[in-house]
Amino acid sequence: MRFKTRPKKTKALRAHAKLRALQRYDLDLTAKMRRRIVEDIQQHKSIHLDTQSHRVSIHLVEIEERDIRVVYDRTRKEIVTVLPPENESAQAI
């Protein structure tokens, strides 16, 4: 019997998105918030900003009265990451 690796990837995506929301917006991204974001994207209630590939796209969603850009994976039906505010200047790594 082969085991699927998907749960590990999904868990990692969720942890990454939660960390980026906290770092970039001081927002604790709860499971309920995450489900609502995914639901809004699937029901076309978000603003589609860009398509990165066949499965990955960028959306503008409203969370706690703030507009936040998220990267969404259509195949996994998960938030990949939370992008920094647009007015935040790019910093060299």
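Just so you know, in the range 63-74 the residues that are surrounded by 12 or more Cβ atoms within 10 Å (Cβ to Cβ), over 22 Å from LYS8 (Cβ atoms) and in contact with a helix residue (DSSP H, G or I) (Cβ under 8 Å, 6 or more places away or on another chain) include one that is modelled with the highest pLDDT, and it is ILE68. Being of a type in the set (Gly, Ala, Ser), within 24 Å of LYS9 (Cα to Cα) and either out of contact with any helix residue (DSSP H, G or I) (no Cβ under 9 Å at 6 or more places or on another chain) or in contact (Cβ under 8 Å) with a residue 40 or more places away in the chain (or both) is a property that does not hold for SER57.
Please determine, by comparing only the residues of the range 20-30 that are under 16 Å from TYR72 (Cβ atoms) and part of a helix (DSSP H, G or I), which one is least open to solvent (accessible area, probe 1.4 Å). Give the steps one after another, and end with the answer.
Taking the range 20-30 and keeping what is under 16 Å from TYR72 (Cβ atoms), we get 20-21, 29.
Cutting the leftovers down to part of a helix (DSSP H, G or I) gives us 20-21.
Details: ARG20: 58, ALA21: 1 Å².
So, considering only residues that are under 16 Å from TYR72 (Cβ atoms) and part of a helix (DSSP H, G or I), the one least open to solvent (accessible area, probe 1.4 Å) is ALA21.
Based on what the data block shows, is LYS45 assigned to a loop (DSSP other than H, G, I, E, B) and either on the phi > 0 side of the Ramachandran plot or at pLDDT 95 or above (or both)? In short, yes.
Results for (1) under 21 Å from LYS11 (Cα atoms); (2) within 9 Å of the chain's Cα centre (by Cα); (3) open to solvent by 100 Å² or more (accessible area, probe 1.4 Å), shown as yes or no for each residue.
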site: ARG34; (1), (2), (3): yes, yes, no
site: LYS45; (1), (2), (3): no, no, yes
site: THR51; (1), (2), (3): no, no, no
site: ARG76; (1), (2), (3): yes, no, no
site: THR81; (1), (2), (3): yes, yes, no
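Within the range 14-37, no residue that is closer than 14 Å to ASP67 by Cα and in contact (Cβ under 8 Å) with a residue 60 or more places away in the chain sits with its Cβ atom under 6 Å from a residue that is open to solvent by 70 Å² or more (accessible area, probe 1.4 Å) and in a helix (DSSP H, G or I) at 6+ positions apart or across chains.
The values are calculated or read from the model by the stated rules, or taken from the named source; none is laboratory data. Quick caveat, the model's predicted, so the values are computed rather than measured. Neighbour counts are summed over all protein chains in view; Cβ atoms, including those assigned to glycine, are modelled from backbone coordinates with ideal geometry. These area figures cover heavy atoms from the full protein model, side chains too; ligands, DNA and RNA do not enter into them. Shrake-Rupley method; radii C 1.70, N 1.55, O 1.52, S 1.80 Å.
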